[in-house]
Amino acid sequence: MSRIDDLVSKMTLDEKIGQLVMRALGAGTIVTGPDAAAEPSVDDVRQGRVGSILNLVGRDRILALQKIAVEESRLGIPLLVGLDVIHGYLTDAPVPLAEAAAFRPDLWEATARMAAEEAAEDGVALTFAPMLDLARDPRWGRMVEGPGEDPYVGRLMAAAKVAGFQGADLTRPEAIAATAKHFVGYGAVNAGREYASVDLSERTLHEFYLPAFKAAVEAGTLAIMPAFHDIAGRPMTGDKPLLTDLVRDTWGFEGIYVSDYDAIGELVAHGVAADMAEAAAIGLTAGMDIDMMSPAYRDGLRPAIERGLVSVDLLDAAVRRVLAAKQRLGLFEAPYARGTIVVARPREERRALVRAAGAAACVLLKNESEVLPIGPTGGPIALIGPFGTTTREMIGAWYGLGDREEAVTIKAGIEAAFPGRTLLVAEGVSGLGGATDGIAAAVAVANEAEVVLMAVGEAAELSGEAASRTQPGFTGKQAELVRAVMATGKPVVLLLVCGRPLIETEIIEAAAAVLVIWHPGSEGGAAVAEVVTGRRPPSGKLPVSWPRHLGQVPVFYNERPTGRPYADGEFFVTKYIDAPNDPLYPFGHGLSYTTFELGVPEVDRAVFKPDQPVTVTARLANTGDLTADTTVFLFLRDCVASTARPILELKRFATLTLEPGEETVVHFTLATADFECLGPDLTPCAEPGDFELSVGFSADRKALQTTKVTLVS
Ligand code: NOJ
């Protein structure tokens, strides 16, 4: 008999339910949700009433609890220990949206691997990451946690992060299990308001929102977390057609569903369950395995079974999946391995990795008169703004356990990078509102400087969970500060600290240069300084369109065409009468200190049959005088299809390093699957006909170079 059969045959009903219960428990627990009523005690672990824990931090505490589960509970089943290790544990990489801007899957994997090692050393076995929510609305604060607006980027991010966290062998003690979240469509919450309802077409769900989750399943993610919201009245936590019929039965997902915090119990507030027994029955029937923090399974499953709402067989199936997940993690053989291993990757190596990621994430939106990079000698540099000296804004939302005080501030980074120049510093105004007293002093500082860096944007706590904003722009009096400093006539470089695009069009247009630094991680200030000095020319690209006006939201590059496309001077076409249709900066935008040129794409076959690959090549040259990285995008447009296709779809990208004057050829190979669309019944098919293939440095259609291929049957 297998271990799992044996255990299930011995378990009482309460012990079975216990395996499905995940609680925050004990001293040393961090808070990531509403207050947990009736916190269980350590005795609940001893009695087998809690099978998983979350948010407990500190290896000694975790090990102590694990020992109780293994050595004092009747069946000795180890605990599954989960935590939000989102963009780092001790050493923080840039926030995920910023990492996405690097367009470097190797980097995405490397930072996840490092986070896994650090977390595993402390006893963590499961992270609630990667967050794969496609997001088109910067009002939604959680845009910061994900890959941005593109489904292809989401797929690559999913694969890289799952590989990074889990490694090749999940039983290894330095590997931790991934949780692909939040399944699915959460980024489309109504009006960008956190936890709100979602109304999304089946087609858009399948074309845009589901692919990243499918990629996570293909990469072997151990867990998936359904989101808090409902789609058209179907809360994700109770959605059997998606959770079981699609993901388990069609995609072949064999892992576990972990609910979001309290989400099974919240089926009552959603209005689809009358009490906890009904909520538990809906969750279990849908396929939910672990109930994070709600009373539903703990208090509701037994009555649900007694009332005949759900069967013991269904309960057993969930218990088996949870036990299998623990087995896959090697917990039965080595329950204390995580928490006692020492990976011993030197601190300097870890800091170097996040410094490189922080620099690669910076996006140069504009650079008039080449005010950047700033040379090593010259007059004073002013650093003005509320975020020049704060460590918290370097780290951003979801900061793991890293010592935030150890984050390198922009001031420290710039000071170290410019030993030959005087640095003058003024906060000006607070990042969260409050006094404006400092503006005059900041202007005085600017007047003494040759060039002004302004560290402005949004505070770390203004993006992330439960941080929707109706005006995603500068908070407090920062706009006033920037205008006053600009009025000095000094060249002003904005260092935009943010977890989402900030809609500050007038100020961005007036600035000499704008470098989006996001929340760049533990080495943030040092990373930014590398870009400002030019030691590491900027190469980041926007993973989301940067709106010009709030009224354009959602604005994204891969929209469907209209019957009345925009045409200059025409009235009855798709347009606003008070603003352009285009965002301020398109998806993929990001300048360098050098210039690159891209030739017309060529294909190895203009006409191809199903199963014949198509190779696209384009000449790429560095026409400037600096060695630098750039990213080339390959977009596709399916010209005529049974259902209208987006005007552009990202199919590939390549990030390359070129020396001054160097020329190379970029190659992209497409398989027939890349030409597929979802047919009228939502199944993939490659429909014969013409496709445009375009290469470019962003999704700006005016700057793309295009060729055509034809699929014949
Ligand atoms: C709620 C969040 O939505 C989710 O992302 C997180 O993993 C859980 N809380 C646990 O902290």
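May I ask you to compute the full-extension gain from Thr707 to Leu423, defined as 0.36 nm times their residue separation minus their alpha-carbon distance, rounded to one decimal in nm?
Details: separation 284, 0.36 × 284 = 102.24 nm, distance 5.06 nm.
Extra length available between Thr707 and Leu423 comes to 97.2 nm.
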Rounded to whole Å², per residue accessible area for the chain with a 1.4 Å probe reads 36 Å²
Where Lys and Arg each count +1 and Asp and Glu each count -1, what net charge lies around Arg404 among other residues with Cβ under 11 Å from its Cβ? -4
The pairs in Lys161/Lys477; Lys161/Lys541; Lys366/Lys411; Lys490/Lys541; Lys366/Lys651 lying past 31 Å Cα-Cα in this model are Lys161/Lys477
Percent of beta bridges antiparallel (DSSP, the chain, rounded to nearest 5): 55 percent
Cα shape, region 134-248, gyration tensor, a/c 1.5 rule: prolate
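Can you tell me which of 303-314, 78-89, 243-254 comes out highest on packing, and rank the rest after it, using the mean Cβ neighbours within 10 Å?
Output ranking for 303-314, 78-89, 243-254: 78-89, 243-254, 303-314.
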Nearest 10 degrees is fine. How inclined is helix 151-166 to the longest principal axis of the chain, computing both from alpha carbons? 60 degrees
Does region 387-431 come out rounded, prolate or oblate by the C-alpha gyration tensor, with a ≥ b ≥ c the root eigenvalues, rounded set by a/c under 1.5 and, if not, prolate when a/b is larger than b/c and oblate if not? oblate
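Is there a quick way to get the dipole size of the chain? I mean about its Cα centre, with the Cβ of Lys and Arg at +1 and of Asp and Glu at -1; what is the value in debye to the nearest 20? Show your work: numbers first, answer last.
Details: 65 positive and 94 negative charges, 57 e Å.
With Lys and Arg at +1 and Asp and Glu at -1, about 280 debye.
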On a 0 to 90° scale, report how tilted helix 438-448 is relative to the longest principal axis of the chain, with both axes built from alpha carbons and the result rounded to the nearest 10. 40 degrees
Give me the mean projected area, in nm² to one decimal, of the convex hull enclosing the Cα positions of region 230-360. 11.8 nm²
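Pulled fully out, how much extra length does the chain show between Ala641 and Ala344, if you take 0.36 nm times their separation in residues and subtract their Cα-Cα distance?
On the way: separation 297, 0.36 × 297 = 106.92 nm, distance 5.44 nm.
Computed gain between Ala641 and Ala344 is 101.5 nm.
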Mean separation of Cα contacts under 8 Å (at least 6 apart) over the residue count of region 596-711, i.e. the relative contact order in percent, is 33 percent
Mean separation of Cα contacts under 8 Å (6+ apart) over length of the chain, as relative contact order %: 13 percent
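Which shape class, rounded, prolate or oblate, goes with region 474-621 when its Cα gyration tensor gives a ≥ b ≥ c as root eigenvalues, a/c under 1.5 marks rounded, and past that a/b bigger than b/c marks prolate? Before the final figure, lay out each step's value.
Numbers: a/c = 2.35, a/b = 1.33, b/c = 1.77.
The shape class here is oblate.
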Using a 7 Å offset from the Cα along the Cα-to-Cβ direction at both Val42 and Thr470, what is the distance between the two label points in nm, to one decimal? 4.9 nm
From the P(r) of region 596-711, can you give the percent of Cα pairs sitting at distances over 20 Å? 42 percent
Compute the semi-axes of the equivalent ellipsoid of the chain, taking the square root of 5 times each eigenvalue of the Cα gyration tensor, and list them largest first in whole Å. 43, 32, 24
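Given a cut-off of under 8 Å on Cα pairs at least six residues apart, what relative contact order in percent is computed for region 85-193? Show your work: numbers first, answer last.
Working: 208 pairs, mean separation 37.4, N = 109.
Dividing the mean separation by the residue count of region 85-193 yields 34 percent.
Within the set of other residues whose C-beta is less than 12 Å from the C-beta of Asp638, count the net charge using Lys and Arg as +1 and Asp and Glu as -1. Intermediate values should be presented prior to the final figure.
Numbers: positive: Arg560, Arg637, Arg645, Lys651, Lys708; negative: Glu207, Glu649, Asp674, Glu676, Glu687, Asp690, Glu692.
Result for the neighbourhood of Asp638: -2.
Would you mind putting 641-647, 206-212 in packing order, based on average other-beta-carbon counts within 10 Å, highest first? Display every interim value, and only then the final one.
Working: 641-647: 16.1, 206-212: 21.7.
Highest mean packing first, the order is 206-212, 641-647.
Tell me the carbon and sulfur percent of the accessible area for the chain, rounded to whole percent, probe radius 1.4 Å.
It is 51 percent, rounded to a whole number.
The values are calculated or read from the model by the stated rules, or taken from the named source; none is laboratory data. This one's a predicted model, so the numbers in the text were calculated from it and none came from an experiment. Heads up, the Cβs are rebuilt from the backbone with ideal geometry, glycines too, and the neighbour counts pull from every protein chain shown. Accessible surface areas use protein heavy atoms only, side chains included; no ligands, DNA or RNA. Shrake-Rupley method; radii C 1.70, N 1.55, O 1.52, S 1.80 Å.
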